[in-house]
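*Asks:* Mind looking over this structure? Questions follow.
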Amino acid sequence: MARWLVLIALALASFTPARAEEVLRVGDQRGNARALMEATGVLDGLPYRLEWSEFPAAAPLLEALNAGAIDAGGVGDAPFTFAAAAGVPVKAFLAFRNRQDGLAILVRPDSAIRSVADLQGKRIATNRGSIGHQVVLAALEEAGLPADSVQFRFLPPADAKLALTSGAVDAWSTWEPYTSAAELAGLVRVLRDGNGITPGLSYAVASDAALKSKRALLADYAARLARARARALTDPAPYAAAWSRLIGLPEAVPLRWFGRARYRTVPIDDTVIADEQRIIDLYVRAGLIPAARAPRAEAILDTGFSDALAAVR
């Protein structure tokens, strides 16, 4: 009888589902991280499954993260700051620096607008809370103008592009790849880019829940993403080709973007914390984040992934 009980137990065990494969659900913007990681081969031997979700901008990505539909994603410093101030349970766990040629206020080539001062009273299209929104505020401060000296039209990138080309707005403030695509098509002229007035930060971010339950997966993902950034910095061509196939835009667009952006991974250290605090303070001064709701930078940046970055170096 005992032998039969053992055989029955073994038979039942054979029908028991295996432990579910671990999954990290990552939100991507316009194929950015996915194309980069696939092109540089850093996903080889992945000990878990990556589920990619594609988003046209950071705002819907962060909404998905807030809803629990994804665990992590890549966003610019501006939308991350707004999301944290709005109470989204999110923290940055990896930081990147880049040149800001592709973060720009754009006007039509024949526009009479020649300086930021000329924007007074004009209509500017951008995403609310985006890095495009940020560069306008920073440019206005640089020119000594208040935030309400322009009329914002909050539109997603595709609609903003149409609004500019049709004359429905006077300027469009946007980021890559939209800037490079519009420049190469001869549709725009750069009025002011973000160099010198914005910190050039973007982040890999994760929900508080994922930072607790999937921390080991996030550490592995962070190390692979940092390794991919380092490889693409040396040779952006394979990355550009992969991105072009994934998104369907000509390779000239990502080559222009990646060649001038010069993305590099940096530790979340005192310098990054200080720059993030400056962004928070900019939005408080502009009246877009109430002072009572403004987070402290150190509270929304997770410094515990430095080992993953050190391993890459």
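*Asks:* Taking DSSP loops as anything outside H, G, I, E and B, show the longest stretch in the chain free of GluC sites (Glu not before Pro) there with at most 15 other beta carbons within 10 Å.
*Replies:* 23-250
*Asks:* In terms of Cα to Cα distance under 28 Å, which lysines are near enough to Lys91, apart from those fewer than 8 places away along the same chain?
*Replies:* By straight Cα distance, Lys91 reaches Lys212, Lys214.
*Asks:* Nearest 500 deg cm²/dmol is fine: what mean residue ellipticity at 222 nm does the chain get from its DSSP H runs of n ≥ 4 alone, each adding -39,500 (n - 2.57), divided by its residue count?
*Replies:* Values: 14 runs with 142 residues, N = 313.
The per-residue figure over the chain is -13500 deg cm²/dmol.
*Asks:* Ok, one more. How high is the FRET efficiency from Thr303 to Thr165, r the C-beta distance, R0 51 Å, rounded to 0.05? Could you put the intermediate results ahead of the total?
*Replies:* Numbers: r = 44 Å, r/R0 = 0.85.
With R0 = 51 Å, the Cβ-Cβ based efficiency is 0.70.
*Asks:* To the nearest 0.05, how large is the calculated FRET efficiency for Ala291 and Ser149 if R₀ is 25 Å and r is the Cβ-Cβ distance?
*Replies:* 0.70
*Asks:* Calculate, for the chain, the solvent-accessible area per residue in square angstrom, rolling a 1.4 angstrom probe over the heavy atoms of the protein chains.
*Replies:* 45 Å²
*Asks:* Below 8 Å between Cα atoms, with a sequence gap of 6+, how large is the relative contact order for the chain in percent?
*Replies:* The value is 26 percent.
*Asks:* Bins of 10 Å, beginning at zero and ending with the bin holding the largest distance: percent of Cα pairs per bin for the stretch 44-92, please.
*Replies:* Values per bin, smallest distances first: 25, 52, 19, 4.
*Asks:* Follow-up question, since we're still on this one. Quick one: which residues, 5 or more positions from Ser53 or on another chain, have an amide H under 5 Å from its amide H? H modelled 1.01 Å from N in the peptide plane, none for Pro or chain starts.
*Replies:* Under 5 Å from the amide H of Ser53 lie the amide H atoms of Val26, Gly27, Asp28, each far enough along the sequence or on another chain.
*Asks:* With an 8 Å cut-off on Cα pairs and a minimum separation of 6 or more residues, tell me the relative contact order of the stretch 129-285 in percent. Numbers along the way, then the final one.
*Replies:* Values: 76 pairs, mean separation 36.6, N = 157.
Relative contact order comes out at 23 percent.
*Asks:* I need the P(r) histogram for the stretch 195-282: all alpha carbon pairs, bin width 10 Å from 0 out to the longest distance, whole percents.
*Replies:* 14, 34, 36, 17, 0
*Asks:* Mind putting a number on the dipole of the stretch 144-212 about its Cα centre? Charges go on the C-beta only, +1 for Lys and Arg and -1 for Asp and Glu, and I need it in Debye to the nearest 20.
*Replies:* 20 debye
*Asks:* With only Lys, Arg, Asp and Glu charged, each at its Cβ (+1 for the first two, -1 for the last two), find how big the charge dipole of the stretch 168-313 is about the Cα centre; round to the nearest 20 debye.
*Replies:* The calculation lands at about 280 debye.
*Asks:* Using protein chains only and a probe of 1.4 angstrom, how many square angstrom of Arg128 are accessible, to the nearest 10?
*Replies:* Counting only protein heavy atoms, the figure is 140 Å².
*Asks:* Looking at the chain, what % of its DSSP beta bridges pair antiparallel, to the nearest 5?
*Replies:* Numbers: 22 of 38 bridges.
Within the chain, antiparallel bridges account for around 60 percent of the total.
*Asks:* Moving on to the next point. Provide the convex hull volume over Cα atoms per residue for the chain, in Å³.
*Replies:* It comes to 152 Å³ per residue, whole-number rounded.
*Asks:* Out of Ala57, Leu36, Gly132, whose Cα points farthest toward the positive end of the dipole of the chain (charges: +1 Lys, Arg; -1 Asp, Glu; placed on Cβ)?
*Replies:* So the residue we want is Leu36.
*Asks:* Gain in length, Asn195 to Arg114, computed as 0.36 nm per residue apart minus the alpha-carbon separation, to one decimal in nm?
*Replies:* 27.4 nm
*Asks:* Still on this structure, I have one more. Place a +1 charge on the Cβ of each Lys and Arg in the chain and a -1 charge on the Cβ of each Asp and Glu, then give the dipole magnitude about the Cα centre in debye, rounded to the nearest 20.
*Replies:* Details: 35 positive and 33 negative charges, 65 e Å.
Charge dipole, the chain, about its Cα centre: 320 debye, nearest 20.
*Asks:* Let me ask another. Could you tell me the center-to-center distance, by alpha carbons, between the stretch 260-279 and the stretch 70-126 in angstrom?
*Replies:* So the two Cα centres are separated by 15 Å.
*Asks:* Just name one of Val150, Ser244, Ser213: the one whose Cα is farthest towards the positive end of the charge dipole of the chain (beta-carbon charges, Lys/Arg +1, Asp/Glu -1).
*Replies:* It is Ser244, whose Cα lies furthest towards the positive end.
The values are calculated or read from the model by the stated rules, or taken from the named source; none is laboratory data. These figures come from a predicted structure and were not determined experimentally. As a convention, Cβ positions derive from the backbone with ideal geometry for all residues, glycine included, and neighbour counts pool all protein chains shown. Only protein heavy atoms, including side chains, enter the accessible area calculation; ligands, DNA and RNA are left aside. Shrake-Rupley method; radii C 1.70, N 1.55, O 1.52, S 1.80 Å.
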